[in-house]
Amino acid sequence: MEERDLHQAFRTAFDVHRPRPDAPDRAFERVAAGASGAYGPGRRLAGASAVGLALLVVFTLLIVRGAAIAPPASSPAGRPSIAPATPPLPTPPPGVVNQPQPSLVAVLDEHVALAGWSRDGEVELTVDGGATWKPVSGQQGQLFDLQWVDGDTAVVSTGTGLYLFTRSASRWARLTPRNDLVHLDFTDRSAGFAVTAAGDVVETSDSGRTFAIRDVGLHPVTWLQWVSSTRAWAAGPKGITMTRDGGATWVSQLTLPVAPGGSVEHAQVGFRDEANGFAMFDYGPGGGSVVYHTADGGATWTAEGCTCDAVPTWLSLGAASMLPPGRHSDLVVTAPSSALLVVNDPRAGTASVCATTDAGREWSCSPAPFTTPPRTESGPAALAARGPSWFLVHDVTTTGPLLAVSHDTGATWTTGRP
Amino acid sequence: MVTATTAELLERSLAGDRLAFERLFRPLYDDGFRLAAAMLSDASLAEDAVQEALLKAWRKLYTFRTGEDVRPWFLTIVANQCRSLRRARWWSVQRLAEVEPPARARQDPAVAERMDLEAALRRLPRRARLLLVLRYYLDMSFEDIGLVVGASPAAVKSSTHRALVRLRAEWGPAEASN
């Protein structure tokens, strides 16, 4: 075959591949989204210097404070030290963008759930749908996140490391001393992803012995969710990115500005399948939130509900429905167009559970079934759901941890204390 | 050669001007896509590779030496991105028995030749495939290919010749029938 025939053969073979007409536009939009990060040209050295300086400050403060996120002191017997009756929630050191939630709950099915409270590391297990709870704490330190990875095993991130909890044996095994994993998204007991306190996404495939940082095209990240082996979404104050190829490449779907007057502090996504999902952006403590919905895998995100008088218009984007004021936490997606979230009034110590069944256009809210003294300070409540069973966990400063379970989608509740 | 306009766009891009960066690199999108499509044999993956390569080009623009040609510098990033994509996706690749193309496709000589050439290229080492794609699909000179792969024009010429010999061996039956 002659040289010119080779050129023709290659063109015949590969000219069948064409980019979609909007592919170049999307590619440069991705650059624009990435350009808002700290690694743009001309800013790299400055960014690296800033990061270095920030790390120096963080480590200096850690040394001065005796290591803010180091394991707490243990008693001589090796048992967890007993926390004071009403210890303050930990203040994150500079550079820490993700704070652990004060209350946590992870549901395996309508009978089995783990509940925990971050400040004292207490973990409770129920196997009878919340009728009784049993303390199962065997790890030490503050609790950061809980996740069931199979019918018998949960991964638990704490201030002293990442643990495996085996329900049948009531046994704890520490996988790694790494103590900055504030959000877990594991596939099984040996592999998965996590979001760190600094807002990085890390991945392990060897039961946590090693973690590798993954670039998801967004930093900092506050939430990550995989819905299949190939598709995942990451969310943070600057927007949402997603991957369709197992994390090899990430595409920006929503870009939010970091405005001088304030910006999103916490973002969360929740998908039930590869098309339908919600996102919640919390605009600062007590500042309000906006909930977005997508029905096309995030190609378009529509702002549906907000505490609209407390968030800027660049965030609410014409959202039509009103959400109650307060700090919003724990977006729980129960169906393609249905979701729950908790609205917290931290000063009054109260919480409400709000539900939507029409993709966020309308929300109905009812008070959480806890009777708390007036003006009782508390952190956000945690909510998890499996079918009609809802599990609500709250940590009120003056009364301690509270639990509530409903098996009829919130119509009636059983409350108690661990 | 870098024209005055290109140099100006480069300078503005380095200062953080995203639009200047887009003006500089948008004309290279098609070349990047063609390289990625030929290396990956998948249009969707090729889009992703070029998109990621553009982001890396933006982030690493400070490494570009003024006075050089932007095209081979960008194609180097695309080629590396294709390699990363292949490496990252190893777990999703399932080794199947050689699949016979549908009978109708085999009856169409153009389709059969295309499939045979793609299959033959896939059996070559990555570097050999890259050299052949740059030479015979992107119609690049040995000098420019040398800038992409980091080798002298003479070395590129001999390597390309050896790659072509291997391709002919893999592609032999189909080529012989032409």
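The values are calculated or read from the model by the stated rules, or taken from the named source; none is laboratory data. Just so you know, these numbers come straight off a predicted model, no measurement behind them. Every residue, glycine as well, gets a Cβ built from its backbone with ideal geometry; the counts of neighbours run over all protein chains shown. Ligands, DNA and RNA are excluded from the accessible area calculation, which covers all protein heavy atoms including side chains. Shrake-Rupley method; radii C 1.70, N 1.55, O 1.52, S 1.80 Å.
Of note:
- Averaged over peptide B:56-62, the number of partner chain Cβ atoms lying within 10 Å of each residue's Cβ comes to 5.
- Coil-residue GluC sites (Glu not before Pro) of segment B:35-82, DSSP, other Cβ within 10 Å capped at 14: B:Glu68
- Taking all protein chains as shown and a probe of 1.4 angstrom, A:Val16 keeps an accessible surface of around 80 Å².
- The mean number of partner chain beta-carbon atoms within 10 angstrom of a residue's beta-carbon across peptide B:161-169 is 1.
- Total buried accessible area between A and B, probe 1.4 Å, nearest 100: 4200 Å².
- Summarised as an ellipsoid, segment B:1-91 has semi-axes of 25, 12, 11 Å, derived from the eigenvalues of the Cα gyration tensor scaled by 5 and square-rooted, with the largest first.
- Note on A:Ser364: accessible area is roughly 80 Å² with a 1.4 Å probe, heavy atoms of protein only.
- In the context of the full set of protein chains, residues of segment B:1-91 present 44 Å² of accessible surface per residue (probe radius 1.4 Å, heavy atoms only).
- Note on B:Lys60: lysines with a C-alpha under 22 Å away, same-chain residues under 8 apart excluded, are A:Lys238.
- Shielding by partners, peptide B:6-17 (average Cβ within 10 angstrom, other chains): 2
- Placing B:Arg123, B:Arg26, A:Arg4 in order of accessible area, with the largest value first and a 1.4 Å probe, yields A:Arg4, B:Arg123, B:Arg26.
- When the surface is traced with a 1.4 Å probe over the full set of protein chains, A:Arg214 keeps roughly 100 Å² accessible.
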